[in-house]
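Have a look at the structure below before the remarks.
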Amino acid sequence: MTPDELGSLLTTRLGEGSAASVAYDVVTVDVPTDAWVTALETARDVAGCTYFDWLSAVDELQDGFSVVCHLWSIEQRHHVQLRTRVPRDRPVVRTATGVFKGADWHERETHEMFGVIFDGHPNLVPLLLPDGFEGRPLRKDFVLASRVARPWPGAKEPGESDDGSAPSRRKTLPPGVPDAAWREAVPEPGSWGPEPAPQADGA
């Protein structure tokens with residue numbers, strides 16, 4: 001079965017609202033959010049994609065988040081990538097753990113990093129970040145504080161330097177760099193207070 005034939009088979013089974021595309025021999029099938037679990041079951045049972053590879057998300061900014069799952073057929077040796085879109089103000093989709101148990105940790109990581117909620121997940125608790133961490137680090141609006149605390153090494157853009165020569169034509173800040181108002185509110189390194197006085201030996 002060719003990738004095009006596989007895509008046609010899956011969209012026929014999934015019906016209205018699904019669409020398939022092929023790139024580099026990988027079939028990508030977009031489905032509505034309410035058909036997410038059905039799509040996973042169809043890829044497993046109809047296309048023979050019994051190997052769960054990975055699941056994650058992509059921040060599409062105002063368009064919400066794309067939840068993506070990559071599956072593989074060991075016997076037929078073809079790839080299927082399932083994708084659905086959830087809105088930014090309510091990023092909720094059904095959990096894949098009822099179809100593939102291996103999705104458990106992947107959904108925990110995606111929830112932690114993007115804030116996507118997997119409804120029905122048995123244990124949607126933090127996986128990687130330290131206790132008390134605030135924010136979703138893989139969202140594009142997450143501020144990279146390290147770029148504020150100290151100057152970014154090297155040229156900001158190709159041909160740009162700190163002496164003001166050859167200014168960049170780029171008018172927007174790179175991802176993760178907050179605007180000037182945000183930076184002005186952050187104390188300069190070393191200004192958080194006096195360093196503690198050194199203690200004598202044996203103190």
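The values are calculated or read from the model by the stated rules, or taken from the named source; none is laboratory data. Remember, it's a predicted structure, so these values are computed and weren't measured experimentally. No Cβ is skipped: glycine too gets one built from the backbone with ideal geometry, and neighbour counts run over all protein chains shown.
Is it the case that the stretch 45-66 has a residue that's assigned by TED's automatic domain parsing to the domain that holds residue 103, assigned to a helix (DSSP H, G or I), in contact with an Asp or Glu (Cβ under 9 Å, 6 or more places away or on another chain) and not small (Gly, Ala, Ser)?
yes
For the stretch 47-57, check the following and say yes or no: at least one residue is surrounded by 14 or more Cβ atoms within 10 Å (Cβ to Cβ) and β-branched (Val, Ile, Thr).
yes
On the given criteria, is residue 131 surrounded by fewer than 19 Cβ atoms within 10 Å (Cβ to Cβ) and closer than 17 Å to residue 69 by Cβ?
no
Could you please let me know if residue 110 is assigned to a strand (DSSP E or B), of a type in the set (S, T, N, Q) and under 14 Å from the mean Cα position of the chain (by Cα)?
No.
Of the residues 92, 31, 80, 37, which is without any contact (Cβ under 8 Å) to a residue 60 or more places away in the chain, crowded, with 16+ Cβ neighbours inside 10 Å and within 26 Å of residue 112 (Cβ to Cβ)?
Criteria check complete, one pass: 31.
All but one of (1) touching a strand residue (DSSP E or B) at 6+ places or on another chain (Cβ under 7 Å); (2) in a helix (DSSP H, G or I); (3) at pLDDT 95 or above; (4) not small (Gly, Ala, Ser) hold for residue 41, so report the exception by its number.
Here residue 41 meets the rest and fails (1).
Return the residue satisfying two criteria in turn: it lies in the stretch 113-138 and is under 26 Å from residue 32 (Cβ atoms) and not assigned by TED's automatic domain parsing to the domain that holds residue 36, and of such residues it is nearest to the chain's Cα centre (by Cα).
For the stretch 113-138, the residue satisfying everything is 138.
Answer yes if at least one residue in the stretch 117-127 is at pLDDT 95 or above and in contact with a Leu (Cβ under 9 Å, 6 or more places away or on another chain), and no otherwise.
Checked the stretch 117-127: at least one residue is at pLDDT 95 or above and in contact with a Leu (Cβ under 9 Å, 6 or more places away or on another chain).
If you go through the stretch 32-70 one residue at a time, how many are within 14 Å of residue 14 (Cβ to Cβ), under 22 Å from the mean Cα position of the chain (by Cα) and aliphatic (A, V, I, L, M)?
4
Go through (1) hydrophobic (A, V, I, L, M, F, W, C); (2) touching a Pro at 6+ places or on another chain (Cβ under 6 Å); (3) assigned to a helix (DSSP H, G or I) one by one and return the number of the condition residue 143 breaks.
The one condition residue 143 does not meet is (3).
Which count do you get for residues in the stretch 9-28 that are in contact (Cβ under 8 Å) with a residue 40 or more places away in the chain and farther than 19 Å from residue 57 by Cα?
Here the count works out to 2.
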